[in-house]
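Inspection log for the structure reproduced underneath, given as C-alpha cells.
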Amino acid sequence: MNQIDYFLSQLFQPADTTLFSAADVLLSMVVTTLLCFMLTQVYRYTHRGTSYSQSFMVTMFLMAVTTSVVMMIIGSNIARAFSLVGALSIIRFRTAMKDPRDTGYLFAAMIAGMGCGTQFYMPSIALTLFVSVLMLAVHYMDYGVKARLESILRITFADNEGEHAKIEQELAQVCQNHKLINRIREFGDGLVTNVYVVMPGKNVEIAEVESRLKNMGGVVRLALYETDQHAPV
Amino acid sequence: MKKPLRAELKFLISHEEKVALLERWKRHLVKDRFMKHDSGTPILSLYYDTPDLAFYHEKLDGVPFRNKVRLRTYGTRFQPGQATFIEIKQRHGDYIRKFRQKIENYCDCHLNPKHWSFDTAETQCAFGVLTERHRLLPCVQVWYQREVYESVVEPGVRVSFDSCLTAIHPHQRLTTDHIFDPRTRMMPETRVVLEVKSNNGTPRWAEEGARLVELVQIPVPKYVMAVEKLGIDKVPLGETL
C-alpha cells in the first residue's frame, strides 16, 4: 500500500513541489494553445508563395505547447538546460526530417522522456495527454487548410512578343498577382512555354482563369494546378 | 598549363530567394555574354558510367577524389552542327577541376566513347585513364536551363541559377512533356539550384548574400539525382541498354 502511495505521489507532484502544480501546467498549455491559434491565423493570412504547408501549421502547436512544458521542467536548472541543447541538436543536425510535423512529434517525445527522467512525471503525463488531444482535434478539424492558394500556370504559345504581351495582359485582368518563373523554348517548333505562379483575383474561380486563357488565340497548351499544401515544405 | 582547381558552392533555393539575391548582387554581377535567351541557356548532358555504376557509388560513398564523364551540348538534343563537348568533372576534396574537349563535326557515333579523340596530351591523359580502366556506357541524360552571371571584378567567379532539371534515359529525345512530367522532373518548378564557382575562394559579397538569405549549402548532385529519379540504380546498367 505504501508503495502505491509513493508511486501516486511521485506521479502527481513535481520533483520540486514548490515550483508548480498540475493546474499550472494545464493553464500554461491552454494559454499557449490560444496564443498559438492567433499566430497560426496571422501566418496563414500573411503567407505568400507556393510553399504553404498545413503540416507546418500543425507543427507550430506541437512545438509551442511542448516548449511551454519544457521551460517548466528546466526551471532554473543549468544542467537540464544544457541537456536540452544537446537533445535538440539531435533533431536538427543528426536526423533528416521530411515533414516538420515529424520534428514536432520527436521534440514532444523527447520532452516527455526528459520530464520522466528528471522525475517530473505529472507535467510529462499532462503534456502527452494534452498534445495527443490537441493533435487529434487539429487533425479532425483539418485545421490550417487554405481555401485560396497560389497556383502554377504553364502556358505554351507561339513564340512572338505580341502573344506574350497578350497573355500578360489577360493574367493582369484575372489574377491578383502573377510572376513569371520560367521560360522554355528551343524545341525547334516555334513555341515557347511560360511558367507562372499566379493568385486568381478575389472573385475569380480558377476554372475561369483557365477557360479565359484557353480561349485566347495562339495558346497551344495550358496546365494550371494548385500546389499541394498537405505536402511537407 | 594545368587546369585550376575551383571551389563550388551549391544551394537549393526558391524563386523568391533568387530574385532577392540578384537584387543584392546586382552591383557585383553582369549577365554572361554567351547566354542565349533571357530565360537562360539550355544545357543537355549525357552522363557515362560503368555497368555497375562505379561513379554513382563513388559519390554516394563520399570518395574524396572522383570523376564524372559527360557529353554536353547547349540545346535540347545532340545533333550535327551544334557545339558539343566531352567533359570530365573531377572532384578533389572540396575543389573541382574540369577537362573539356570540343568535338569537331559531331555525329551520333560520338555517343560511343570509342570514337572520342583529343587535341592535347593533358586531356588525352585525363580521359585515357578513365576510358582504358572502365567500360563507359551512356547512363542518363540531364537537361536544364542555366542563367549565368559573371563577376564584374573578380576573374573566374561565376554565379548560375539552374531551373527545370529533367532526367531522361540515354536514347530518349527530350520534349516539353518531360520537363513537366513528375516522373522525369527532378525538382519542383518553383525551385532553383544556385551555384557559385570561383578560382581563388568565394567572394565576400557572395558569402554575405547567402548568409543574409539564410541559405544552407546542400548537395544537389544532378547526376545522382537523375539516376535515382529514373531508377537506373536498381538495374545494372548493361541490362538497360
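The values are calculated or read from the model by the stated rules, or taken from the named source; none is laboratory data. Just so it is clear, the structure is predicted and the values come from calculations on it, not from any experiment. Cβ placement follows ideal geometry from the backbone for every residue including glycine, while neighbour counts extend to all protein chains displayed.
Which members of the stretch A:114-128 meet the condition of being at pLDDT 75 or above and of a type outside the set (S, T, N, Q)? Matches in the stretch A:114-128: A:M114, A:G115, A:F120, A:Y121, A:M122, A:P123, A:I125, A:A126, A:L127. As for the stretch B:186-204, it holds at least one residue that is free of Cβ contacts under 8 Å to residues at least 40 places away in the same chain and within 16 Å of B:L29 (Cβ to Cβ). Within the span defined as the stretch B:217-238, one or more residues are more than 14 Å from chain A (Cβ to nearest Cβ), more than 22 Å from B:S14 (Cβ to Cβ), at pLDDT 85 or above and surrounded by fewer than 17 Cβ atoms within 10 Å (Cβ to Cβ).
I'd like to know if the stretch B:76-83 contains one or more residues that are in a helix (DSSP H, G or I), touching a strand residue (DSSP E or B) at 6+ places or on another chain (Cβ under 9 Å) and over 15 Å from B:Y47 (Cβ atoms). No. With the structure loaded, tell me whether B:V69 is exposed (fewer than 14 other Cβ atoms within 10 Å of the Cβ), among the aliphatic types (A, V, I, L, M) and touching a residue at least 24 places away in the same chain (Cβ under 8 Å) or whether it fails that test. Considered against the rule, which asks whether it is exposed (fewer than 14 other Cβ atoms within 10 Å of the Cβ), among the aliphatic types (A, V, I, L, M) and touching a residue at least 24 places away in the same chain (Cβ under 8 Å), B:V69 comes out as no. Under the condition of being farther than 24 Å from A:F187 by Cβ, touching a Pro at 6+ places or on another chain (Cβ under 6 Å) and among the hydroxyl-bearing types (S, T, Y), the residues counted in the stretch B:58-114 number 0. Cβ-Cβ distances below 7 Å connect the following pairs, each with a first residue in the stretch A:186-205 that is closer than 16 Å to A:E170 by Cβ and more than 9 Å from chain B (Cβ to nearest Cβ), a second residue that is outside any loop (DSSP other than H, G, I, E, B) and at pLDDT below 80, and a separation of six or more residues or different chains: A:P200/A:I206. Exactly one residue among A:S124, A:S211 is more than 11 Å from every other protein chain (Cβ to nearest Cβ) and either in contact with a Leu (Cβ under 7 Å, 6 or more places away or on another chain) or under 30 Å from A:R101 (Cα atoms) (or both), and that residue is A:S124. Looking across the stretch B:146-178, the residues that are in a strand (DSSP E or B) and either within 14 Å of chain A (Cβ to nearest Cβ) or surrounded by fewer than 15 Cβ atoms within 10 Å (Cβ to Cβ) (or both) come down to B:R146, B:E147, B:F161, B:D162, B:S163, B:C164, B:L165, B:T166, B:I168.
Residue-level check: of (1) in contact with a helix residue (DSSP H, G or I) (Cβ under 9 Å, 6 or more places away or on another chain); (2) within 14 Å of chain A (Cβ to nearest Cβ), B:H28 misses just (2).
For the stretch A:157-171, a residue qualifies if it is more than 30 Å from the chain's Cα centre (by Cα) and either on the phi > 0 side of the Ramachandran plot or not charged (D, E, K, R) (or both), and the qualifying residues are A:F157, A:A158, A:N160, A:G162, A:H164, A:A165, A:I167, A:Q169. The residues of the stretch B:13-45 that are in contact with a Lys or Arg (Cβ under 6 Å, 6 or more places away or on another chain) and either part of a strand (DSSP E or B) or free of Cβ contacts under 8 Å to residues at least 60 places away in the same chain (or both), listed by number, are B:T41, B:I43, B:S45.
Scanning the stretch A:89-107 for residues being modelled with pLDDT of 70 or more and surrounded by 14 or more Cβ atoms within 10 Å (Cβ to Cβ) gives a total of 8. For the stretch A:157-184, the tally of residues that are crowded, with 20+ Cβ neighbours inside 10 Å and within 13 Å of chain B (Cβ to nearest Cβ) stands at 5. Filter the stretch B:1-12 down to the residues that are under 20 Å from B:N199 (Cα atoms) and in contact (Cβ under 8 Å) with a residue 24 or more places away in the chain and list them by number. Residues satisfying the conditions are B:K2, B:K3, B:P4, B:L5, B:R6, B:A7, B:E8, B:L9, B:K10, B:F11.
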